[in-house]
1. So LEU511 fits all but one of (1) within 24 Å of the chain's Cα centre (by Cα); (2) in contact (Cβ under 8 Å) with a residue 24 or more places away in the chain; what number is the exception?
2. Of HIS249, HIS269, which residue is surrounded by fewer than 23 Cβ atoms within 10 Å (Cβ to Cβ), modelled with pLDDT of 95 or more and closer than 23 Å to GLY65 by Cβ?
3. If the requirement is being of a type in the set (A, V, I, L, M, F, W, C) and closer than 18 Å to GLY393 by Cβ, which of these qualifies: VAL91, VAL59?
4. Of the conditions (1) open to solvent by 60 Å² or more (accessible area, probe 1.4 Å); (2) touching a Lys or Arg at 6+ places or on another chain (Cβ under 8 Å); (3) on the phi < 0 side of the Ramachandran plot; (4) not small (Gly, Ala, Ser), ASP299 fails just one. Which one is it?
5. Could you list, in sequence order, the residues of the stretch 21-32 that are surrounded by 13 or more Cβ atoms within 10 Å (Cβ to Cβ) and out of contact with any Pro (no Cβ under 8 Å at 6 or more places or on another chain)?
6. Looking only at the stretch 241-255, which residues are basic (Lys, Arg) and under 14 Å from LEU379 (Cβ atoms)?
7. For residues that are open to solvent by less than 30 Å² (accessible area, probe 1.4 Å) and not in a loop (DSSP other than H, G, I, E, B), tally how many sit in the stretch 121-136.
8. Of the residues in the stretch 69-116, how many are under 26 Å from GLY40 (Cα atoms), in a helix (DSSP H, G or I) and touching a Ser or Thr at 6+ places or on another chain (Cβ under 7 Å)?
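The values are calculated or read from the model by the stated rules, or taken from the named source; none is laboratory data. From a predicted model like this one, the values you see are computed outputs, not experimental measurements. Neighbour counts are summed over all protein chains in view; Cβ atoms, including those assigned to glycine, are modelled from backbone coordinates with ideal geometry. In case anyone asks, the SASA skips ligands and DNA or RNA and just uses the protein heavy atoms, side chains included. Shrake-Rupley method; radii C 1.70, N 1.55, O 1.52, S 1.80 Å.
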Amino acid sequence: MTTLQSVPALGTRPAAGSLPSRAETREQLSKATYDLLVIGGGILGISTAWHAAQSGLRVALVDAGDFAGATSSASSKLLHGGLRYLQTGAVKLVAENHFERRAVSRQVAPHLANPLTFYLPVYKGGPHGAAKLGAGVFAYSALSAFGDGVGHLLSPARAAQDVPELRTDNLKAVAVYGDDQMNDARMALMTVRAAVDAGATVLNHAEVTGLRFTRGRVTGAELKDRTSGDEFGVNARLVLNATGPWVDHLRRMEDPNAAPSIRLSKGAHLVLKRTSPWKAALATPIDKYRITFALPWEDMLLLGTTDEEYEGDPGQVEVTEKDTAQILDEAAFSIRDQQLSRDLVTYAFAGLRVLPGGPGDTSKAKRETVVTEGRGGMLSVAGGKWTTFRHIGRTVMKKLERLPGHPLGEYAEGAVPVSALPKRLPLPGIANPNAVAHRLLVDGPAPGPRMAADTARHLATHYGSLSFEIARMANENPELARRIHPDAPEIWAQVAYARDHEWAETADDVLRRRTTLTIRGLATDEVRAGVESMLGG
């Protein structure tokens, strides 16, 4: 067991090259006038800030909570073309999604995205026949230029070898296709880092308490640092509202009479311990429109998702008993009972999809991005998919460039249109994760025992080449080379790194989004107290 006595006693000693203090960042934000203030540190706001900073604009990004602290770390962890969109004839959309998916997983962040084979089981009496699904996965792979192989049908016996818990009763065939998966919180954090590397100023746990106006136009925001209570303000020529489920709340700060622009759909997920290794994921049709996923992820099994309209407080969204029962019942279509025991559940989470306002079933609603301009000139962006986060950032920037009275040239001397940027800007740490893991195993840390293989692999696939910075910390202080919990690959150096280089302020920032300890069910009171001690809490 991890004990408090085993926590490295580093206090709050800043590491070389660490981030500026929150006080320094607040001062910088309050004294400068920015070309663009992005409110909302989900992936839409992060991506826009990244592209704006790359374009040469002076950019600030703030969030009331942690970066990717809400919907952006509560996804199904997939980069995918959207197989179900083929049923509605959205061929162009699927092709565009595939393009973005391949760009992220091959050129932008190969250290953070992993190819994943999907098995789509065809059961007797199911909503789709084998011939239809076989043709569907072939067309899906064709739209991806066969970059993940050719979609085809597989025998039930062969599929059961790769997914031992696959239910084979009445199983007629299995359709096969390829997509990618990721750790969404890590992908978002690396994108924040890319924005900062390009010149953006960022601050999490900074709540907007009001907007600033100049002659009727929104020209900044009043903020409160939730960690210290300090109040300050930011001036900006243009403000972008990218607050996700809270987008209409901020729009009403601009205009109390602003009509609702969005509706919300809740998607719940469960994380379970695996009873055996899985070499592929399952995508099981529930009806003509919905698919339930069972994904091998972070050495566990991720099940989901639900899709129902949500009208409550976005900050209070949670997984209910009804959600849990639905997810397990739907998973039982294709997974044997022993893998679906509630005793195996380590974590449950729910996120809110932001959909365009309007009637109808949320499961059939388009996952499109909506950009609106308020009467005070504030732009609001909502919706979209994780897969297309780069495309959304570029799209918002193009919208900014076309705004009357706000041409890009007036923003910053030397700024360039987003269309002039390289098409596939890589995220920090880009490297072949296999090569990084090999070097970590060969090079150390030393003296003392070599790094465990699962720790090396975990670092390589969550930090890429930045893993070597964490390894150096562990090498300089062997106490940091120890595991945070014996049943997880993470080491204490990651906590120090999160504090000094990744804007971690709270235990949840570390345990839920910068490591996998919470989702593994290992964020014990002792572990939490140890993390808080290292953070200086």
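1. Condition not satisfied by LEU511: (2).
2. Working: HIS269 fails: surrounded by fewer than 23 Cβ atoms within 10 Å (Cβ to Cβ).
Selected residue: HIS249, the only one of HIS249, HIS269 that is surrounded by fewer than 23 Cβ atoms within 10 Å (Cβ to Cβ), modelled with pLDDT of 95 or more and closer than 23 Å to GLY65 by Cβ.
3. Values: VAL91 fails: closer than 18 Å to GLY393 by Cβ.
Criteria check complete, one pass: VAL59.
4. (3)
5. In the first step, residues of the stretch 21-32 are kept if they are surrounded by 13 or more Cβ atoms within 10 Å (Cβ to Cβ); the result is 22, 25-30, 32.
Matches in the stretch 21-32: ARG22, THR25, ARG26, GLU27, LEU29, SER30, ALA32.
6. So in the stretch 241-255, the residues basic (Lys, Arg) come out as 251-252.
Result: ARG251, single match.
7. Going residue by residue through the stretch 121-136, those that are open to solvent by less than 30 Å² (accessible area, probe 1.4 Å) are 121-122, 128, 130, 133-134, 136.
Going one step further and asking which of them are not in a loop (DSSP other than H, G, I, E, B), we end up with 121-122, 130, 133-134, 136.
Final tally of qualifying residues: 6.
8. The total comes to 3.
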